1. Quick check on C55: is it more than 21 Å from T204 (Cβ to Cβ), open to solvent by less than 70 Å² (accessible area, probe 1.4 Å), within 16 Å of ligand 1 (Cβ to nearest atom) and modelled with pLDDT under 95?
2. Only one of (1) surrounded by 17 or more Cβ atoms within 10 Å (Cβ to Cβ); (2) part of a helix (DSSP H, G or I) is not met by R186, so which one is it?
3. Just to check your reading of the model, which residue among A119, A153, A158 is over 15 Å from the mean Cα position of the chain (by Cα) and surrounded by 17 or more Cβ atoms within 10 Å (Cβ to Cβ)?
4. Scan region 192-227 for residues that are over 22 Å from K96 (Cβ atoms), open to solvent by 10 Å² or more (accessible area, probe 1.4 Å) and either among the aromatic types (F, W, Y) or under 10 Å from the mean Cα position of the chain (by Cα) (or both) and jot them down.
5. If you go through region 16-29 one residue at a time, do you hit one that is modelled with pLDDT of 80 or more and either more than 16 Å from ligand 1 (Cβ to nearest atom) or of a type in the set (F, W, Y) (or both)?
6. Could you check, for region 65-72, whether at least one of its residues is at negative phi, of a type in the set (K, R) and within 10 Å of ligand 2 (Cβ to nearest atom)?
7. Considering every residue within region 69-85, establish whether at least one is polar (S, T, N, Q), over 17 Å from the mean Cα position of the chain (by Cα), more than 16 Å from ligand 1 (Cβ to nearest atom) and not in a loop (DSSP other than H, G, I, E, B).
8. Would you check which residues across region 71-113 are surrounded by 15 or more Cβ atoms within 10 Å (Cβ to Cβ) and among the polar types (S, T, N, Q) and list them?
Amino acid sequence: MKCVLCNKEIMVRLTLRDIFWSREILNEVACKDCVGQFAHWQAENHCQGCGRGGCTKGQELCDECRRWNQLYGWYLHHRGLYHYNLKMKEYMHRYKFAGDYRLRKVFQTEFSTHIQRVAADYVIPIPVTTVTWQTRGFNQVVGLLREVPYLPALKVKAREKVNQSSKTRQERLLTPQPFTLEMPERFKQKKILLVDDIYTTGRTLYHAADLFHQADCAWVKSISLAR
Ligand SMILES: [Zn+2]
Ligand SMILES: [Zn+2]
């Protein structure tokens, strides 16, 4: 089998555990060299909001999350699995913009395991626009889910763009609400987990979370593959 990222042949050294858990082998789609270039976030001194490391001791929220907290009166408990480093940027580019759907498998199992650990009533993926759907052919967030029941309750408003990559930071923060929530009454007192591929400024996820808070949910948390 070849690595989906570098095309090198993957050498599989079978251990006893692999033989008994043959499922693990089937999931290996990227070689160890490639996998080793992605960097996990470490859990030390992380911000209680966005999960970013390096928060000084005794300070629960980083400056950005404190601003969100002032704006909304609540903050999002977010966790990103990986740093958005060069390797991850390259990965996202090939997966999303070149539309290489096979690449979803690199993180599918790990990402889905983290999602399932959160005791949410509903897993809600951030949607893509109709235009993106038509050109790419898939929602990159849904592609990362494996055996995770999810509800596509968020819809992108017509003429709004969710593509944030061409905007400056300031422009992104001022973006108006791009989503609508279908049948908001069903989320009353429910626990919501929002799922996205990348957390950049938090703007998109805060817009989405705001709709669930307005619907009187019990809580909203969020998770992304990268941040
Ligand atoms: Zn590789
Ligand atoms: Zn933060």
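The values are calculated or read from the model by the stated rules, or taken from the named source; none is laboratory data. Keep in mind the model is a prediction, meaning the values are calculated, not measured. So basically every Cβ, Gly included, is an ideal-geometry build from the backbone, and we count neighbours across all protein chains shown. Note: areas computed on protein heavy atoms with side chains; ligands, DNA, RNA excluded. Shrake-Rupley method; radii C 1.70, N 1.55, O 1.52, S 1.80 Å.
1. No, not satisfied.
2. Of (1) surrounded by 17 or more Cβ atoms within 10 Å (Cβ to Cβ); (2) part of a helix (DSSP H, G or I), only one is false for R186: (1).
3. A153
4. Result: W219, single match.
5. no
6. Yes; the residues of region 65-72 include at least one that is at negative phi, of a type in the set (K, R) and within 10 Å of ligand 2 (Cβ to nearest atom).
7. Yes: region 69-85 contains one or more residues that are polar (S, T, N, Q), over 17 Å from the mean Cα position of the chain (by Cα), more than 16 Å from ligand 1 (Cβ to nearest atom) and not in a loop (DSSP other than H, G, I, E, B).
8. If the condition is that a residue be surrounded by 15 or more Cβ atoms within 10 Å (Cβ to Cβ) and among the polar types (S, T, N, Q), then Q108, T109, S112 are the ones that fit.
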